[in-house]
Ligand code: F0G
């Protein structure tokens, strides 16, 4: 018996998407053809797709109705104004501009706030954010709290910035070297771990003290607000919307991939608190060059309409309780089976500790990729390796780098899978665990592109 109750869906199903179910022998053939890289699989050969929670949500009837009323005018569309009203109401920012997704918001903003030779600090940068900081000529420093690095340590708000380390780092290099501080909420790379309000407040005070602008990377801002309400003293009687408003009150800027907590399949936002800031003109110029006119930013009118509605659905407390409840349910099943993961479980999925599951497989043979391939073979489940395979080689020496974690990420798409799907996932993990102790070998790379290899590389099993 599971110690935790499944929180029932606060919705019922109106449209269904049939799934194909292959046999184990067929899946073994498919994954071999894909060179043991799950990005190379056809989605139709996957039964439960946990590759990402980004852009994979099921939209609501209100959002689909919004799609029909979307205004496709090039400039000044009604849907743009509806989206701006929602953004002002929820985030309280003076200026917001749509972009086609999160990394586009980063591309538009980073060259305006960072110069060559500068530094940027984060609790933990997401890959694309790091890439855009580097493309602006700056370098990144992560200052996440130490407990984030120990998956077995159950502590609240493991996504926090280590503020002492942050201040020490600023003093070491000199404040003038720093162009930006980015708070990623929730902290994806650390396992969807939340950041506390207290931490946001303290980071913002340090930013003011040293004159560095603070930016929120807001992909999973609503899940973060839910954790604050649940776990941080003094917020139990505050609405999610008011918590979100306070979180954003500490920042000067934000970028957002709306493909996560805003429950749409495509979209992004970039915002500046002070509508009078000279940055606004820069955002408009970069937006027009890279994304499209400022009132659509790479989105169709119907996308903006769905986004304006999704922003509200994403902060609905009943929805968030069910949403976080799914991750907790799956995590509780793993607790029962003695399978380790980044704990307590975060917002958007379960990050299984594959190094603990396969103690005999060295990081050079990618234990978390082994688990990803086994999950596909076992039950047609697609997941993502977040470990040494994703980290890649040292650009100077060409040597395989060792990641702090060997995680297999089970990212949960929003409003898509049911309790029965979650049970299948848990059962698959349990049956893999039964043979995991004997497994001694993983994979070797037989071909890789020069950067971001995990998307395309070819692998083969080491016999
Ligand atoms: N910031 C965070 C924290 C993210 O998790 C992502 C995307 C982005 C920015 C970039 O947004 O994809 O809309 O361009 N994360 C996805 C993931 C891809 O699977 O975690 P995007």
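Give 88, 30 a once-over and let me know the one that is in a helix (DSSP H, G or I), surrounded by 12 or more Cβ atoms within 10 Å (Cβ to Cβ) and not assigned by TED's automatic domain parsing to the domain that holds residue 269.
Within the list 88, 30, the selection yields 30.
Return the only residue of 140, 128 being part of a strand (DSSP E or B) and either outside the structural domain of residue 403 (by TED's automatic domain parsing) or within 15 Å of the ligand (Cβ to nearest atom) (or both).
Result: 140 is the single residue among 140, 128 that is part of a strand (DSSP E or B) and either outside the structural domain of residue 403 (by TED's automatic domain parsing) or within 15 Å of the ligand (Cβ to nearest atom) (or both).
Would you check if there is a residue in the range 99-109 being on the phi > 0 side of the Ramachandran plot, in contact with a helix residue (DSSP H, G or I) (Cβ under 9 Å, 6 or more places away or on another chain) and in a loop (DSSP other than H, G, I, E, B)?
Scanning the range 99-109, I find no residue that is on the phi > 0 side of the Ramachandran plot, in contact with a helix residue (DSSP H, G or I) (Cβ under 9 Å, 6 or more places away or on another chain) and in a loop (DSSP other than H, G, I, E, B), so the answer is no.
Can you tell me which residue is surrounded by the most Cβ atoms within 10 Å (Cβ to Cβ) among those in the range 98-112 that are within 16 Å of the ligand (Cβ to nearest atom) and over 16 Å from the mean Cα position of the chain (by Cα)?
So the residue we want is 99.
State yes or no: is residue 402 part of a loop (DSSP other than H, G, I, E, B) and either touching a residue at least 24 places away in the same chain (Cβ under 8 Å) or not assigned by TED's automatic domain parsing to the domain that holds residue 43 (or both)?
Criteria met by residue 402.
Residues of the range 34-50 being within 13 Å of the ligand (Cβ to nearest atom) and either touching a helix residue (DSSP H, G or I) at 6+ places or on another chain (Cβ under 7 Å) or not in a loop (DSSP other than H, G, I, E, B) (or both), which ones?
38, 39, 49
Select from the range 12-25 the residues that are touching a helix residue (DSSP H, G or I) at 6+ places or on another chain (Cβ under 8 Å) and at pLDDT 95 or above and list them in ascending order.
14, 22, 24
Show the residue pairs meeting these rules: Cβ distance below 9 Å; 6+ apart or different chains; first residue within the range 205-219 and in the same structural domain as residue 258 (by TED's automatic domain parsing) and over 29 Å from residue 104 (Cβ atoms); second residue within 16 Å of the ligand (Cβ to nearest atom) and part of a loop (DSSP other than H, G, I, E, B).
none
Answer yes or no as to whether residue 372 is within 16 Å of the ligand (Cβ to nearest atom) and assigned by TED's automatic domain parsing to the domain that holds residue 451.
yes
Within the range 177-188, can one find any residue that is surrounded by fewer than 24 Cβ atoms within 10 Å (Cβ to Cβ), away from the ligand (no atom under 11 Å from the Cβ), free of Cβ contacts under 8 Å to residues at least 40 places away in the same chain and part of a helix (DSSP H, G or I)?
no
Can you find a residue that is outside any helix (DSSP H, G or I) and not assigned by TED's automatic domain parsing to the domain that holds residue 408 anywhere in the range 61-71?
Yes, there is a match, as at least one residue in the range 61-71 is outside any helix (DSSP H, G or I) and not assigned by TED's automatic domain parsing to the domain that holds residue 408.
Out of 285, 308, 275, 251, report the one residue that is out of contact with any strand residue (DSSP E or B) (no Cβ under 7 Å at 6 or more places or on another chain), in contact (Cβ under 8 Å) with a residue 12 or more places away in the chain, on the phi < 0 side of the Ramachandran plot and more than 13 Å from the ligand (Cβ to nearest atom).
308
In the range 232-264, what residues are in a loop (DSSP other than H, G, I, E, B) and closer than 19 Å to residue 106 by Cβ?
Result: 251, 252, 258, 259, 260, 261, 262, 264.
Within the range 68-82, can you find the residues that are surrounded by fewer than 16 Cβ atoms within 10 Å (Cβ to Cβ) and farther than 11 Å from residue 308 by Cβ?
68, 72, 73, 74, 75, 76 - these are the residues of the range 68-82 that are surrounded by fewer than 16 Cβ atoms within 10 Å (Cβ to Cβ) and farther than 11 Å from residue 308 by Cβ.
Of all residues in the range 143-154, which are surrounded by fewer than 21 Cβ atoms within 10 Å (Cβ to Cβ) and without any contact (Cβ under 8 Å) to a residue 24 or more places away in the chain?
146, 147, 150 - these are the residues of the range 143-154 that are surrounded by fewer than 21 Cβ atoms within 10 Å (Cβ to Cβ) and without any contact (Cβ under 8 Å) to a residue 24 or more places away in the chain.
Take residue 324 and tell me if it is farther than 26 Å from residue 424 by Cα, buried (at least 18 other Cβ atoms within 10 Å of the Cβ), touching a residue at least 40 places away in the same chain (Cβ under 8 Å) and in contact with a helix residue (DSSP H, G or I) (Cβ under 7 Å, 6 or more places away or on another chain).
no
Report, by residue number, each residue of the range 260-272 that is surrounded by fewer than 24 Cβ atoms within 10 Å (Cβ to Cβ) and within 10 Å of the ligand (Cβ to nearest atom).
266
The values are calculated or read from the model by the stated rules, or taken from the named source; none is laboratory data. All values reported here derive from a predicted model rather than from experimental measurement. Every residue, glycine among them, receives a Cβ derived from its backbone with ideal geometry; neighbour counts consider all protein chains shown.
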